[in-house]
1. Residues 42, 81, 64: which one is closer than 21 Å to residue 5 by Cα and out of contact with any strand residue (DSSP E or B) (no Cβ under 8 Å at 6 or more places or on another chain)?
2. Of the residues in the stretch 51-83, how many are loosely packed, with under 12 Cβ neighbours inside 10 Å and over 15 Å from residue 32 (Cβ atoms)?
């Protein structure tokens, strides 16, 4: 997914595995990013105590955490969901 602007709003464009571009509004991704990060940290550290995992509340901190973890997201429009893979485990957040 890569950042873009559509209709004067920040969006993400997904082209991987699709014949056409799919645009997702940033605010739709942002509301699910914290949950996705908790699951990604749990998978990367082999943890099951999700309530003890610390994730920044601010979007900028969450984005920085995604970058530091090297996460890549794919949007699956047929589900619809955001998907990332950590240590071979697919983490899926329904949108």
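Read-outs throughout are calculated quantities, based only on the coordinates presented, and are distinct from any laboratory measurement. Bear in mind the structure is a predicted one, so any value in this text is a computation, not a measurement. Cβ sites come from the backbone with ideal geometry, for glycine too, and all protein chains shown count toward neighbours.
1. On the way: 42 fails: closer than 21 Å to residue 5 by Cα; 81 fails: out of contact with any strand residue (DSSP E or B) (no Cβ under 8 Å at 6 or more places or on another chain).
Going through 42, 81, 64 in turn, the sole match is 64.
2. Adding up the residues that qualify gives 10.
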